[in-house]
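Computed from the coordinates by the stated procedures, all read-outs in this text should not be read as laboratory data. Since the structure is predicted, the reported quantities are computational estimates derived from the model, not experimental observations. Note: ideal-geometry Cβ built from the backbone for every residue, glycine included; neighbour counts use all protein chains shown.
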Amino acid sequence: MTDSPTREAQTPELTLQALKAAFRQSPVPSAAERKHKLTELKKQLSRYQDVFADAASSDFGGRPAFESRLIETVGTTWVVDHARRNVAKWMKPEGRWPQMLFSGPNRLHVTYQAKGVVGIIAPWNMPLYLSLGPLAAALAAGNRAMIKLPEETPNANKVIKSLISEVFDDSLVAIFGEELTDPSTFSNLAFDHLIFTGSQRVAKSIMAAAAQ
């Protein structure tokens, strides 16, 4: 990791600009680099599973530890493992048949490329699974990510931030949580892709904000 300004000292707008600048400098991470990031994420999930379970229990007023470990940390680990096994295959160009008029010596293929910076908005009921699960997909696709954690889970947020900051620099993954007094400042940002899990009502408002 390299030194960088703290998340608290940066606005979401400046953070996104920094992430986009970092992506432009290194837009095509290799399969080995992507696997390494996913491996580090998996190690952190194992290290923090009990700490997260305690934090989630505090936020939810007594959620059983086995529930947090099984659904959130183990469930997320399965997502990471799936990405690690398949990332090299996902990156390979795929052939396509050209139109008959242009067949013969012509060949077509689709090359998959990273989009840039992916915004991830996680709901209150599964803050780890629905933030780090999408993060695994974003990293496997070669993207960088900016995560908005729910305001309702401050203790879980603190654990997730520690989990991530120990292995990923802010120029790769940046996280905001309850410190954003107006969550719409996040959904209004010009992400290259945006992932949201939640109610239909909130989804419509986020989609409207993103469309701007």
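In a GNM of the chain with a 10 Å cut-off on Cα contacts, which of His193, His109, His82 has the highest mean-square fluctuation?
It is His109.
When only alpha-carbon atoms are used, what values of Rg and Dmax, in angstrom, describe the stretch 1-118?
Expressed in Å, the Cα Rg and Dmax of the stretch 1-118 come to 20.6, 67.
Return one number: the angle in degrees, 0 to 90 and rounded to the nearest 10, between the long axis of the Cα atoms of helix 129-140 and the longest principal axis of the Cα atoms of the chain.
30
Helix 154-165: angle to the longest alpha-carbon principal axis of the chain, degrees 0 to 90, nearest 10?
Computed tilt is about 50 degrees.
Would you work out the relative contact order for the chain, in percent, from Cα pairs under 8 angstrom that are 6 or more residues apart? Spell out each step's value before the answer.
Numbers: 305 pairs, mean separation 56.0, N = 212.
Computed value for the chain: 26 percent relative contact order.
How far, in degrees from 0 to 90, does helix 75-91 lean away from the longest principal axis of the Cα atoms of the chain, to the nearest 10?
20
Just the number, please: Stokes-Einstein D of the chain in µm²/s, Kirkwood Rh from C-alpha pairs, 37 °C, 0.692 mPa s. Don't skip to the end; give the middle numbers.
Working: Rh = 18.2 Å.
Value of D from the Cα-based Kirkwood radius: 181 µm²/s.
Please build a GNM for the chain, connecting alpha carbons under 10 Å apart, and tell me which residue among Pro150, Pro98, Pro183 fluctuates the most.
Comparing Pro150, Pro98, Pro183 in a Gaussian network model of the chain, the most mobile one is Pro98.
Roughly how many Å is it from the Cα centre of the stretch 58-84 to that of the stretch 173-212, as a whole number?
Distance between centres, Cα-based: 23 Å.
Pick out, from Leu139, Gln212, Leu180, the residue whose Cα sits farthest towards the positive end of the charge dipole of the chain, with +1 on the Cβ of Lys and Arg and -1 on the Cβ of Asp and Glu.
Result: Leu139, furthest along the dipole toward the positive end.
Pull up the cross-link candidates among the lysines for Lys148, meaning alpha carbon to alpha carbon under 27 Å and not fewer than 8 places away within one chain.
Excluding near neighbours in sequence, the set is Lys20, Lys35, Lys37, Lys42, Lys43, Lys115, Lys158, Lys161, Lys204.
If the elastic network links every pair of Cα atoms under 10 Å, which of Trp124, Trp97, Trp78 fluctuates the most in the Gaussian network model of the chain?
Of Trp124, Trp97, Trp78, the Gaussian network model singles out Trp97 as fluctuating most.
Just subtract the alpha-carbon distance of Thr11 and Gln212 from 0.36 nm times their residue separation and send over the number in nm, one decimal. Let's see the in-between values first.
On the way: separation 201, 0.36 × 201 = 72.36 nm, distance 1.95 nm.
Length gained, Thr11 through Gln212: 70.4 nm.
Pop the C-beta distance of Glu33 and Asn86 into the FRET formula with R0 = 22 Å and round what comes out to the nearest 0.05. Numbers along the way, then the final one.
Details: r = 16 Å, r/R0 = 0.71.
Efficiency, from the Cβ-Cβ distance: 0.90.
Assuming R0 = 35 Å, what is the FRET efficiency of Ser205 and Leu108, from their Cβ-Cβ distance, to the nearest 0.05? Before the final figure, lay out the partial values.
Numbers: r = 40 Å, r/R0 = 1.15.
According to the calculation, E is roughly 0.30.
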